[in-house]
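S.K.: Have a look at this one.
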Amino acid sequence: MTYYRTKRTLPSGEWEVLRGGSYSRGRAIRHAHKIAHYTHWDGTIIIFDGSGRETYRLYTHSSRPYTPPTDWGPRKGSSILGLVAIIVVLMIAAAGAIFILPSLKTESNTPQVISTPQPTLAPAVTAKFTTRPTTKPTVKTTTPIPTPTETASSWFHWDTYTTEEKAQEVLTYVNQLRTQNGVSVLRYDSRVYRLAMARVNDMDQYNYMDHVNPTTGTCPDNIKTQYGLSSGEYVAENAYGFDYGGSYSSGLEQQGVDSWMTSKGHRFNLLYPQHTAGVVACSSGGHCVFEGLNTNLFGSGCHTGAEGVAYWNTH
């Protein structure tokens with residue numbers, strides 16, 4: 001049985017291991033969110049399993065309203081109840097096959113052909129220059145993300161947001177485009193990843209798609225130090241997604257990159273030669289950003305970058 005423990009960051013940057021723990025990952029996650037809510041915690045809370053491996057990470061902000069997450073992990077006893085339900089259904093089906101089917105009489109030996117209505121294809125989702133898809137997506141039901149200690153036979157899942165592993169894969173694609181255009185490749189930076197995830201989760205929570213939160217006034221530049229970046233490091237942001245919310249799906253990151261490459265201003269940022277690191281990340285609500293890291297003041301302040309605007313006007 002795996003035992004989960006929780007720790008959180010202190011204002012000094014050090015980690016504090018919280019007292020107690022849980023044998024249930026879902027209960028540990030709920031406890032972490034309660035801590036963030038009742039203490040108005042501003043920092044990072046991480047849950048570890050008995051082997052010391054990270055199974056859940058929560059970025060908290062004291063200024064944000066508390067919204068309970070929908071992914072608590074598997075509930076205790078849910079697998080047993082599911083197995084019982086399957087057995088009951090199979091027993092009913094077997095009883096029907098034994099007692100009901102023999103009583104049915106075949107009226108004709110001619111096989112019947114049942115026509116199935118053909119589905120109507122939905123129009124393809126495209127992106128405008130504003131990098132907002134024009135078609136409202138259908139919100140998909142996603143399954144919880146299993147912990148690294150759970151086996152493939154226990155339950156199946158799809159990713160519901162951009163994990164760090166996925167972000168590194170997408171960065172490989174971005175670097176291919178930069179190489180094709182004669183620009184140096186970008187390195188992966190976990191600090192930029194955390195900032196990118198904070199930005200897209202903020203768009204989910206406040207239901208907007210822009211570089212500045214219309215409610216709080218926050219933008220990448222004025223929150224970057226919360227994620228380990230210095231005041232002399234700058235991040236230039238591209239944004240992609242739905243104004244009214246959507247849902248994460250596999251390949252959404254590459255859709256965003258391809259959309260940005262068709263827009264001169266966003267392409268300028270994606271291929272900016274002085275960027276040293278970069279990350280593409282998408283949220284469960286279908287918002288995506290590219291954060292390019294540099295030390296040339298590109299991305300300073302809450303604006304989209306004067307250099308990108310100038311490039312758009314002259315090319």
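S.K.: Which residues, taken from the stretch 214-266, are among the acidic types (Asp, Glu) and under 16 Å from Val174 (Cα atoms)? Please lay out each step first, then the result.
M.R.: So in the stretch 214-266, the residues among the acidic types (Asp, Glu) come out as 221, 233, 237, 243, 253, 258.
Those that are among the acidic types (Asp, Glu) and under 16 Å from Val174 (Cα atoms): Glu237, Glu253, Asp258.
Yes/no matrix, rows are residues, columns are (1) touching a helix residue (DSSP H, G or I) at 6+ places or on another chain (Cβ under 9 Å); (2) assigned to a loop (DSSP other than H, G, I, E, B); (3) at pLDDT 95 or above; (4) open to solvent by less than 80 Å² (accessible area, probe 1.4 Å):
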| position | (1), (2), (3), (4) |
| --- | --- |
| Thr110 | no, yes, no, no |
| Val113 | no, yes, no, no |
| Ile145 | no, yes, no, yes |
| Trp158 | no, yes, no, no |
| Thr172 | no, no, yes, yes |
| Thr179 | no, no, yes, no |
| Arg199 | yes, no, yes, yes |
| Asp202 | yes, no, no, yes |
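S.K.: Return the total of residues in the stretch 175-204 being under 26 Å from Phe242 (Cβ atoms) and of a type in the set (Ser, Thr, Tyr). First the steps, then the outcome.
M.R.: Taking the stretch 175-204 as the starting set, the residues that turn out to be under 26 Å from Phe242 (Cβ atoms) are 177, 192-204.
Checking which are of a type in the set (Ser, Thr, Tyr) leaves us with 193.
Selection size over the stretch 175-204: 1.
S.K.: Name the pairs whose Cβ atoms lie under 9 Å apart, with the first residue in the stretch 197-226 and under 19 Å from Gly278 (Cβ atoms), the second open to solvent by 40 Å² or more (accessible area, probe 1.4 Å) and of a type in the set (A, V, I, L, M, F, W, C), and 6 or more positions between them or separate chains?
M.R.: His211/Cys302; Cys219/Val212; Cys219/Cys302; Pro220/Cys302; Asp221/Cys302
S.K.: Only one of Phe268, Phe290 is part of a strand (DSSP E or B) and at pLDDT 90 or above. Can you tell me which? Don't jump to the end; show me each part of the working.
M.R.: Details: Phe268 fails: part of a strand (DSSP E or B).
Of Phe268, Phe290, the one residue that is part of a strand (DSSP E or B) and at pLDDT 90 or above is Phe290.
S.K.: When the residues of the stretch 234-274 are filtered to those that are under 21 Å from Gln180 (Cβ atoms) and of a type in the set (Asp, Glu), which remaining residue is surrounded by the most Cβ atoms within 10 Å (Cβ to Cβ)? Steps first, please.
M.R.: As a first pass, look at the stretch 234-274 and keep what is under 21 Å from Gln180 (Cβ atoms): 236, 238, 240, 251, 253-274.
Subset that is of a type in the set (Asp, Glu): 253, 258.
Numbers: Glu253: 24, Asp258: 14.
Out of the qualifying residues, it is Glu253.
The values are calculated or read from the model by the stated rules, or taken from the named source; none is laboratory data. Computed from a predicted model, the values in this text were never measured in an experiment. In this analysis, Cβ positions are derived from the backbone assuming ideal geometry, glycine residues included, and neighbour counts consider all displayed protein chains. Side chains included, ligands, DNA and RNA excluded: accessible areas come from the protein's heavy atoms. Shrake-Rupley method; radii C 1.70, N 1.55, O 1.52, S 1.80 Å.
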